[in-house]
Amino acid sequence: MGLLGQLFNTTAMTISRAVKDVRPLLEAHGVHLPASTARFRTRDDVARFLDADKTKIKPTC
């Protein structure tokens, strides 16, 4: 939540509230997201994770 807060220029608490609001809406429409075992604390953590999977993300800039 902390990293998402940094990436979206908000707080971990705001991200947590958004997740609590959105999850029931998704589940009401049959979308069930399993808990992730991945933990990212920095942007570098995300980059290493994506590099290991060879996942490509197009830059937005």
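The values are calculated or read from the model by the stated rules, or taken from the named source; none is laboratory data. Not measured: the values here are computed from a predicted model. Cβ placement follows ideal geometry from the backbone for every residue including glycine, while neighbour counts extend to all protein chains displayed. For accessibility, only protein heavy atoms count, side chains too; no ligands or nucleic acids. Shrake-Rupley method; radii C 1.70, N 1.55, O 1.52, S 1.80 Å.
I'm trying to understand the selection: among the residues of the stretch 1-30, which are surrounded by 10 or more Cβ atoms within 10 Å (Cβ to Cβ) and hydrophobic (A, V, I, L, M, F, W, C)?
At the first step, the residues of the stretch 1-30 found to be surrounded by 10 or more Cβ atoms within 10 Å (Cβ to Cβ) are 1-8, 10-19, 22-23, 26-27.
The answer is M1, L3, L4, L7, F8, A12, M13, I15, A18, V19, V22, L26.
Please name all residue pairs, on different chains or six or more residues apart, with Cβ atoms under 7 Å, provided the first residue is in the stretch 1-25 and is under 18 Å from S36 (Cβ atoms) and the second residue is polar (S, T, N, Q) and not in a loop (DSSP other than H, G, I, E, B). That search, which allows pairs on different chains as well, returns M1/S16; G5/T14.
Across the stretch 36-49, the number of residues qualifying as open to solvent by 100 Å² or more (accessible area, probe 1.4 Å) and under 23 Å from K20 (Cα atoms) comes to 3.
From the list P34, P59, exactly one residue is modelled with pLDDT under 95, under 15 Å from the mean Cα position of the chain (by Cα) and outside any helix (DSSP H, G or I). Which is it? Spell out the reasoning first.
Values: P59 fails: under 15 Å from the mean Cα position of the chain (by Cα).
Of P34, P59, the one residue that is modelled with pLDDT under 95, under 15 Å from the mean Cα position of the chain (by Cα) and outside any helix (DSSP H, G or I) is P34.
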